[in-house]
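Right, one structure below, let's go through it.
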Amino acid sequence: MIRAPAIGTSAAGGRWLARLIAVLAIVLGLIGCGSSPDGIVLWHAYSGAEREALETLAAEWNSAHPDAPLTLVAVPYDAFADKITSAVPNGNGPDLFVYSHDRIGDWAAAGVIEPIAFWVDDPTADRFQPAALSAMVYDGELWGLPLAVKCLALFYRTDRVTAPPRTTDELFAMVPASRARGAYPLAYVSADLYGHAPWLSGFGGSVLDEHGAVKVATAEAAAALAFSKKLITSGVIPAESTGPLVGTLFNEGKIDMAIQGPWFVGDIAPGVPWAVTTLPIVSETGRPASPFLSAEGVLMSARAHDKQGAFAVMQFLASDHAAVLRATRAHQIVANVHAYDDATLAADPVQRGFRAQLAHAIPIPATPAMRTVWTPYASALAKVQTSDTAPADALYDLESELRRYAQTPDGAR
Amino acid sequence: MTRATPPHTGAQLRDWTVASLFALVVALAVFVGHRNHALRARQLELADRAAAEIALGRPPIAEAEAAGIVGAPHPSATHPFLHPRTVTGPTGTRPLGGPSAPAVDKLLYDAAERYDARGPFVELASDGSGHAIAARPGTGGVAVAVIAPESPEGMPWLIILGALGLGAVIAAAGALIGGAARPLGLAIGGALLAIPANGWGGMGATISIVCASLAVTIASGRGTLARAFAGFRTHRVAIAFLAPASLAMFVLVATPFCVGLVLGFFDHQHGQWSFVGLSNFGEILSGGGRAFDDPLNFWFILGVTVVWTAANVFLHVTIGVALAMLLRQAWLPGKGVWRMLLILPWAIPNYITALIWKGMFQGEYGAINALLHAAGLDGVSWFSSWATAFSANVVTNTWLGFPFMMVVAIGALESVPRDFYEAAVVDGATPWQRFIHITLPHLKPALGPAVVLGSIWTFNMFNVIYLVSAGKPGGSTDILVTDAYRWAFERGERYGMAAAYGAIIFLVLLLWTVFGSRIGRREDKS
Amino acid sequence: MKRPRLYLQLLTYAALVVAAAVVLYPVLLVVKKAFEPGRQFALSASPIPTTLTTEHFADLFGARGGHGELLFLHHAWNSLVAAILTTIVGVSLSCTAAYALSRMRFPGHKAGLITFLVVQMFPATLLIMPLYVLLDRLGLLNSMVGLVLVYATTAIPFCVWTLKGYFDSLPRELEEAARMDGAGAWQTFWRVMLPLARPGIAVTALFSFMTAWNEFIMASTFLTDDSRYTLPVLIQSSVGQYSSDWGFFAAGAIVTSLPVMALFYVLQKFLVGGLTAGSVKG
């Protein structure tokens, strides 16, 4: 038998519900809506040592400029670019943000970033390496100041490799000794255009032609694809690898060398002896394997409310003093030329190795067309490496696919 | 048809409220539009006048924040992208630019740059600050003037409240007088806001307010309004119960949903939107001019998605229900511990577990192949053929998804009274018969929604496919939602195509649900 | 209690052990990574760590923000508030809606039910940008209110449908009896129907909590002030463009799953309580 509920009207219950909703509304309201901080807001996707270096710099700025505080916001990398693209046009974005240069074309076309040539004079521009600075230029305009550059280089275990290979023939010669130890001579992210790019340029190929249009189906690119397949079939590299796997294999001695970037330094386990040098020369062509260069810079939002103040912060972050701090604390390969006047910094093996490689690095084209290439090219690489597809066929399919993506709906190009 | 009840003031005021709500919305909207337009026109006119003065060599007008003749650029020898200019004002010539230049100077500089590229103009600054900028040819360069932003006038609350108050009084008076004065009072009282709205929005606003007021009066006279309110009263409990959820859903879900649907009719490339009608849909549904077994053909991807959904839902429900039934047995000790263990895949963030599964399927070093080797079998290259990559995705998603179905099934099984089973055993029913005739019907009400919603979620499951197989080999294990994502973020920000894709996904699911519920209803009837 | 034959018992145990092993293996790999030094996963397939370290947990709990504040506590608190509010708002809005849809007949009730279902069908990943703009217009960007509302509306359709199913399965005689005793609609709902739907509420509460607790994409998109970030955003920050700190991520994943496990432990009572605690007989 059900216990009889207290007799009451539905109005009483309705009042209870209304009260609950009112309380909830007040509570939620008190928790508050968004408020924007004053001063300059800078978004970044750094973690670890790079983040600490940036925070040290921000603290320095804040103690020197208490009236114009700099606020750093760490945004996860996955969401970063999309957040910028949606936030800035709605007026909610940061005043400055740190990102690599390859999206500059997209953002410039969409009016998300502000050209800064107005504030930059010759002495300021002379501070930077020409390659890094030119990576921040798109369509004849300067869009940001470069902070650091990243590219791939050859890491090797000094306990396994006494003399790193200078040509790809020497690389193939390493196979028997390594395999006898149950290891591979080399590993890198093979099914990815970024990892494959050194070979592509080593064979004389490229992704875009001189007019900036996508042109991937060339004989040189096919030769590079065939080469990457040969690396697998000859036992130079494992059949599939991802970034984390390369790190694991290097630490556990299952590979002797790895093609990785400056970030790899933090991934190497303590106790593993290592060194870094430049990538070998491709024996078939005699050209050096040149990786993609990615310049990380600080960009200004087109909707920044205090653009002059924002530029002052940009100047500070890209100053020589800040560059030395970033180079020493965060092992960044900085874009400031004079940072390397410091002998200890110049002698640091990581800095030296990467700077030598930078002489042969090609900036990633910042055109919007380039960004459509990465995923399909990775697909083509995977197809060639794991099946019998001929490289020329894979590239031909790739080119027609890319042409389809670039098509405007009425069929015109 | 019943006539309206004899007039009384309360009903009149209620009807007046309906009419004036509409009038208020229209009046506010046209006021805001008028205010913004007037402000913009004023700013632009000032800017144009200021630039004209500068071009004629006269001193700048008072309202100009900055003005002058901007000279031609002198590109730097070493850095061709640096092209500083100078500006000539009443105080002489000074350089434009440099590290400590004020922000308003940049507006002058940008205006001159834009003039060189596209000719003279008068416009509001594109950074949303409200500055008005004009550029026209001048002696020795470009005459540019920048007008400071002005805050718009405030809302005319006094006028609005006055009109509303007067309207209420008129409507009430008409009701008290009675007879023909009642509808007259309602019509006039409801339309009073048309007078100020005329000043803000012209005849269009006036006519719409008057028409609305007339419509409400007619409806009131015919009793429609009274019936509608009576209906609300009858169902007020249901409405009160439903309203909060519906309101939240309507605002936060329906609105982006409609925007998403509408965007499918546009194309977005290189930052520009353009209306393309059904072109996106045509491109997708025709398969992009590719063969049916090409992974980039929509129909191929649709097929993969359907197989993906069916396989996953089948496995999730089977495993979930089986485990729930195992855990229901009265003699089993430590049920709580088993339940906690089996819910782990749901509790741990799926980003890291999906990547661990991906690592486990790695060809040379992965745990799955290590297990196969230990069992004496050959390793499998999981991501180089469609069937194996698809299986890897299904295994991972099943691992992630069965706890949810298990929990729902546990809850659903609780609704089955145990004496039914005992009675069935006494009657000699086999376990299978007991399952079909007792357990299953009791499971359906609670498990049904989980299955329906679960299949919708699986159809749109992005994470697992993207993280585990990433579409390998060659995009063939991509499902519709990952392909849509690629259109949006990897193929040049083609948001229009992605939105069209989303709309098609939606239609497919809708058709399937309608179809499925029709079949279900037919089964129930038979 | 009557025990079935031995082989059936063994079969049950065998099935449960296999299921637990399959479930636990990847989880143990995560746990192992959380306690082993280094940023990368080890190659070994064994789930037992070779060296133990607490450095990842130290990094996780000790991470400090720009102003020296402890990030973990801040973000955990934000996550907790968001998840609890989502659960309250989601469950309460869904309970009433589900009851109305189950028991009351009014024009458009079938359409209402289907609408809750239909709005789930548009893929959420594509709706983030329009939702961003909408929240901006409503002034709900970068706020807990906005986030909770978005999470609640994500969870509501499932909650409404499930609770409707539970209410449907409850016999109507209960309400008739309550009405004869003089209870109004709200009293019937609150005193009679709701307690009997406890398993349904437990499921929907757990579901709402988890929708909010583990969600990362919307939190990182709609929050622009890193003092308002939730825990998944903190953990995801260890995944960089080129390299990730998997030790940190693993430690974060384990810590993040503990409250969910605790909640499930508490809710288990309600999940399996059901009608055995009620009063249907007679």
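The values are calculated or read from the model by the stated rules, or taken from the named source; none is laboratory data. Please read all numbers here as calculations on a predicted model, not as lab measurements. Cβ sites come from the backbone with ideal geometry, for glycine too, and all protein chains shown count toward neighbours. Surface areas here come from the heavy atoms of the whole protein model, side chains and all, with no ligands, DNA or RNA. Shrake-Rupley method; radii C 1.70, N 1.55, O 1.52, S 1.80 Å.
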State, as an integer percentage, the relative contact order of the range C:77-170 based on alpha-carbon contacts under 8 Å between residues 6 or more apart.
57
Each residue of the range B:177-182 in order: what ³J(HN,Hα) in whole Hz does its phi give by Karplus 6.51 cos²θ - 1.76 cosθ + 1.60, θ = phi - 60°, with x for Gly and Pro?
5, x, x, 6, 5, 5
For residue B:385 and residue B:514, calculate 0.36 nm times their separation in residues minus their Cα-Cα distance, and state this gained length in nm to one decimal.
43.0 nm
Dimensionless Rg over Rh [the range C:77-240; C-alpha; Kirkwood]:
1.05
Report, by chain and number, residues whose modeled amide H sits under 5 Å from the one on residue B:65, excluding near sequence neighbours (fewer than 5 apart, same chain).
B:146, B:147, B:148
Quickly rank C:83-93, B:266-276 as a protection proxy: mean count of other C-beta atoms within 10 Å, highest first.
C:83-93, B:266-276
In the Gaussian network model of chain C, springs joining C-alpha atoms below 10 Å, which of C:43, C:174, C:196 carries the largest mean-square fluctuation?
C:43
For chain A, modelled as a Gaussian network with Cα springs under 10 Å, which listed residue fluctuates most, A:353, A:48, A:205?
A:48
Both in Å, the radius of gyration and Dmax of the C-alpha trace of chain C are 23.1, 69
Roughly how crowded by other chains is peptide C:90-102, in terms of the mean Cβ count from those chains within 10 Å of each of its Cβ atoms?
5
To the nearest 10 degrees, the tilt of helix B:103-118 (Cα long axis) against the first principal axis of the alpha carbons of chain B is 90
List the relative contact order of the range B:307-478 as a percent without decimals, with contacts defined as Cα pairs under 8 Å and 6+ residues apart.
35
Taking R0 as 51 Å, what FRET efficiency do you get between residue B:159 and residue C:104 from their Cβ-Cβ distance, rounded to the nearest 0.05?
0.70
Sites residue A:67 and residue C:10 - FRET efficiency at Förster radius 56 Å, r taken between beta-carbons, to 0.05:
0.15
Angle check, please: helix B:9-55 long axis (alpha carbons) against the longest principal axis of chain B (alpha carbons), in degrees 0 to 90, nearest 10.
60
Given Cα pairs under 8 Å that are at least 6 residues apart, what percent is the relative contact order of chain B?
14
Using a 1.4 angstrom probe with every protein chain in place, what is the largest-first accessible-area order of A:233, C:125, A:248?
A:233, C:125, A:248
Rg ratio (alpha-carbon, reference 2.2 N^0.38 Å) - chain B:
1.47
Using a Gaussian network model of chain A with C-alpha springs under 10 Å, which one of A:120, A:149, A:189 is most mobile by mean-square fluctuation?
A:120
Determine the equivalent ellipsoid of chain A by diagonalising the alpha-carbon gyration tensor, then write out the semi-axes as square roots of 5 times the eigenvalues, largest first, rounded to whole Å.
44, 30, 25
What whole-number distance in Å separates the alpha-carbon centres of the range A:160-225 and the range B:147-182?
77
Pairs to check: A:230/B:358; B:335/C:269; A:383/B:472. Give those whose C-alpha atoms are more than 18 Å from each other in this structure.
A:230/B:358
Whole-Hz Karplus couplings 3J(HN,Hα) for the range B:262-278, θ = phi - 60° and coefficients 6.51, -1.76, 1.60, Gly and Pro as x, run 5, 4, x, 8, 10, 10, 10, 9, 6, x, 10, 9, 9, 6, 10, x, 8
Using the Kirkwood formula on alpha carbons, the hydrodynamic radius of the protein assembly as shown in angstrom works out to 34.0
What residues have an amide H closer than 5 Å to that of residue A:287, excluding those fewer than 5 places away on the same chain, when H is modeled at 1.01 Å from N in the peptide plane?
A:282
Gained length - residue A:211 relative to residue A:306, 0.36 nm times residue gap less alpha-carbon distance:
30.5 nm
Can you give the FRET efficiency for residue C:25 and residue A:49, using 1/(1 + (r/R0)^6), R0 = 35 Å, r = Cβ-Cβ distance, to the nearest 0.05?
0.55
Mind grabbing the base-10 log of I(q)/I(0) for the range B:132-242 at q = 0.15, 0.23, 0.24 Å⁻¹? Debye formula, identical points on the C-alpha positions, no solvent, two decimal places.
-0.83, -1.16, -1.20
Expected vector for the range B:490-500, Karplus 3J(HN,Hα) from phi with 6.51, -1.76, 1.60 and θ = phi - 60°, integer Hz, x for Gly and Pro, equals 10, 10, x, 6, 7, 5, x, 4, 4, 5, 4
Under Stokes-Einstein, the range B:307-478 at 37 °C and 0.692 mPa s, with its Kirkwood radius over C-alpha pairs, diffuses with a coefficient in µm²/s of 184
Report the extension gain between residue A:352 and residue A:390 in nm, rounded to one decimal, defined as 0.36 nm multiplied by the number of residues separating them, less their alpha carbon distance.
9.8 nm
Restricting everything to alpha-carbon atoms, can you work out Rg to Rh for the range B:34-162 with a Kirkwood hydrodynamic radius?
1.08
When Cβ neighbours within 10 Å are restricted to other protein chains, what is their mean count per residue of peptide B:405-411?
6
For residue B:124, the residues 5 or more places away or on another chain with a placed amide H closer than 5 Å to its own amide H are B:133
Cross-link partners of residue C:32 among aspartates and glutamates (Cα-Cα below 18 Å; sequence separation of 8 or more within a chain):
A:252, A:267, C:55, C:59, C:245
